[in-house]
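The values are calculated or read from the model by the stated rules, or taken from the named source; none is laboratory data. Since this is a predicted model, take the numbers as computed values, not measurements. All Cβ positions, even for glycine, are placed from backbone atoms using ideal geometry, and neighbour counts span all protein chains on display. Accessible surface is based on the protein model in full, side chains and every heavy atom, while ligands, DNA and RNA are left aside. Shrake-Rupley method; radii C 1.70, N 1.55, O 1.52, S 1.80 Å.
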Amino acid sequence: MKILAFETSCDETSSAVLNDENVVSNIIMSQLSHLEWGGVVPEIASREHLKNIVLVMNEALKKANSKLNEIELIAAAKEPGLVGALLIGFSFAKSLAISLEVPFVPVNHIQAHLYSSFIQNEKPSFPFLSLIVSGGHTLLVYVEDYFKHKIVGTTVDDAAGEAFDKVAKLLNLGYPGGPIIDRLAKTGNKDFHKFPLANVKNQPYNFSFSGIKTSVLYFLRKLNFEENKNDKLISDICASFQEAVTESLLRKTLAAAKKYNVKTITISGGVAANSLLKVKFENLISKGYKIYIPSTDYITDNGAMIGYLAYLKYKYYSDKSYFIYESLKEAVNPRLVNI
Ligand code: KG4
Ligand code: ZN
């Protein structure tokens with residue numbers, strides 16, 4: 001079955017073509033218009049999606065050597081995300097499904113991250129624990145089987161990626177902050193300063209990242225950062241901050257894995273691209289854990305993960321007629337996190 005998928009939940013316009021579960025093309029256009037604002041501006045994101053969605057789709061079709069009339073299933077991100085941004089991809093995809101008379105599969109973006117480590121990879125066996133760390137969400141999910149998920153931990157304030165982005169902003173490094181901090185941290189000293197771990201009192205599997213961000217802010221004030229800054233100081237702060245965030249993610253994930261008695265862990269979402277986080281999790285392999293991380297193309301937001309989850313949903317849901325009639329009545333749901 002040829003699948004055409006769309007992802008427009010934030011600032012990436014992406015479209016992918018899949019042949020069942022195999023990704024044939026995955027085109028991602030990252031919007032650069034937000035750079036000068038130091039963060040995503042929702043209205044700009046919507047306009048950019050509107051401008052680029054046809055270009056991106058045509059590129060995905062061309063790379064897959066496919067024509068629109070060969071497509072047998074359409075998928076789009078439905079939630080969560082920026083309402084205007086979601087609406088562009090979702091409405092466009094719905095209209096295409098109606099005109100091509102093919103099933104339409106709405107997809108939860110976070111759930112798509114969860115299954116992204118399955119794409120073009122050896123698949124983890126159930127049950128496993130999934131750490132999902134993106135710009136807007138931080139979740140620990142116990143996955144018993146396909147579509148049998150239990151959220152066991154989340155953030156009580158900022159998401160992990162949000163903390164990277166906000167700290168990068170405090171350091172005037174640009175947006176998105178994660179990849180920049182990751183790069184600068186490589187030459188820094190992680191023991192330069194101990195930032196607090198993301199603990200929440202009496203909630204061992206929940207995270208709080210706003211404390212780390214505030215602690216960076218106070219530390220910069222104490223250092224009189226603007227007057228004293230230099231490359232070495234910046235890399236040392238990046239390395240120390242990155243150490244605190246990744247250590248928190250690792251420790252809580254391990255605590256939850258022990259509680260649920262699983263030795264298989266997947267990590268996904270933009271922050272899973274972090275080089276130190278990957279190393280910390282890969283180090284668990286020698287302790288008997290099986291670790292699954294998506295390939296680079298499927299870590300940050302992408303259409304392939306939307307298409308892949310659509311394939312799974314269509315395959316596992318017994319009532320296929322839902323995707324022909326009822327799914328066309330669905331609306332975007334910008335704040336829905338429940339997966
Ligand atoms: O999953 P994603 O592409 O979009 C959302 O669903 O939010 O994640 C984007 C987030 C941003 O906060 C970005 O700074 C972070 O992922 N990120 C990273 C790295 N690459 C992207 N954080 C840490 N290290 C990285 N290498
Ligand atoms: Zn995402």
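Summary of values
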item: Cβ pairs under 7 Å, 6+ apart, first in the stretch 161-179 and closer than 12 Å to S134 by Cα and in contact (Cβ under 8 Å) with a residue 60 or more places away in the chain, second more than 7 Å from ligand 1 (Cβ to nearest atom) and of a type outside the set (A, V, I, L, M); result: A163/F209; A163/K213; D165/G39; D165/Y175
item: The stretch 191-205, residues that are open to solvent by 30 Å² or more (accessible area, probe 1.4 Å), without any contact (Cβ under 8 Å) to a residue 60 or more places away in the chain and in contact with a helix residue (DSSP H, G or I) (Cβ under 8 Å, 6 or more places away or on another chain); result: D191, F192, H193, K194, P196, L197, N199, P204
item: Qualifying residue in the stretch 90-101 (condition: surrounded by fewer than 24 Cβ atoms within 10 Å (Cβ to Cβ), hydrophobic (A, V, I, L, M, F, W, C) and modelled with pLDDT under 95); result: no
item: Only listed residue being closer than 17 Å to G161 by Cβ and in contact with a Ser or Thr (Cβ under 9 Å, 6 or more places away or on another chain), chosen from D231, D182, D191; result: D182
item: Failed item in (1) within 16 Å of ligand 2 (Cβ to nearest atom); (2) open to solvent by less than 10 Å² (accessible area, probe 1.4 Å); (3) in the same structural domain as A272 (by TED's automatic domain parsing), with G153 passing the rest; result: (1)
item: Selection status of T300, open to solvent by less than 50 Å² (accessible area, probe 1.4 Å) and either within 16 Å of ligand 2 (Cβ to nearest atom) or of a type in the set (S, T, Y) (or both); result: no
item: Hey, G135 surrounded by 20 or more Cβ atoms within 10 Å (Cβ to Cβ), within 14 Å of ligand 1 (Cβ to nearest atom), of a type in the set (G, A, S) and not assigned by TED's automatic domain parsing to the domain that holds Y314 or not; result: yes
item: Members of the stretch 1-18 that are of a type outside the set (G, A, S), under 11 Å from H49 (Cα atoms) and open to solvent by less than 10 Å² (accessible area, probe 1.4 Å); result: F6, E7, T8, T13
item: Single residue of the stretch 251-274 satisfying the filter (open to solvent by 20 Å² or more (accessible area, probe 1.4 Å) and among the hydrophobic types (A, V, I, L, M, F, W, C)) that is nearest to G178 (Cα to Cα); result: A273
item: Index of the failed condition, V40 passing every other in (1) open to solvent by 70 Å² or more (accessible area, probe 1.4 Å); (2) assigned to a loop (DSSP other than H, G, I, E, B); result: (1)
item: Hits in the stretch 57-92 (condition: assigned to a helix (DSSP H, G or I), within 21 Å of V332 (Cα to Cα) and either in contact with a helix residue (DSSP H, G or I) (Cβ under 9 Å, 6 or more places away or on another chain) or among the hydroxyl-bearing types (S, T, Y) (or both)); result: M57, V83, G84, A85, L86, L87, I88, G89, S91, F92
item: In the stretch 208-241, residue modelled with the lowest pLDDT [restricted to those that are under 20 Å from D158 (Cα atoms) and of a type in the set (S, T, N, Q)]; result: S210
item: D165 being surrounded by fewer than 18 Cβ atoms within 10 Å (Cβ to Cβ), under 24 Å from L82 (Cα atoms) and within 16 Å of ligand 1 (Cβ to nearest atom); result: no
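Yes or no, residue by residue, for (1) touching a residue at least 40 places away in the same chain (Cβ under 8 Å); (2) farther than 18 Å from V40 by Cβ:
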| position | (1), (2) |
| --- | --- |
| V54 | no, yes |
| L61 | yes, yes |
| E70 | yes, yes |
| A76 | yes, yes |
| V83 | yes, no |
| L86 | yes, no |
| G89 | yes, no |
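The rows are residues; the columns are (1) closer than 14 Å to L170 by Cα; (2) surrounded by fewer than 21 Cβ atoms within 10 Å (Cβ to Cβ).
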| site | (1), (2) |
| --- | --- |
| S215 | yes, yes |
| Y218 | yes, yes |
| K222 | yes, yes |
| D231 | no, yes |
| S235 | yes, yes |
| C238 | yes, no |
| V245 | no, no |
| L249 | no, no |
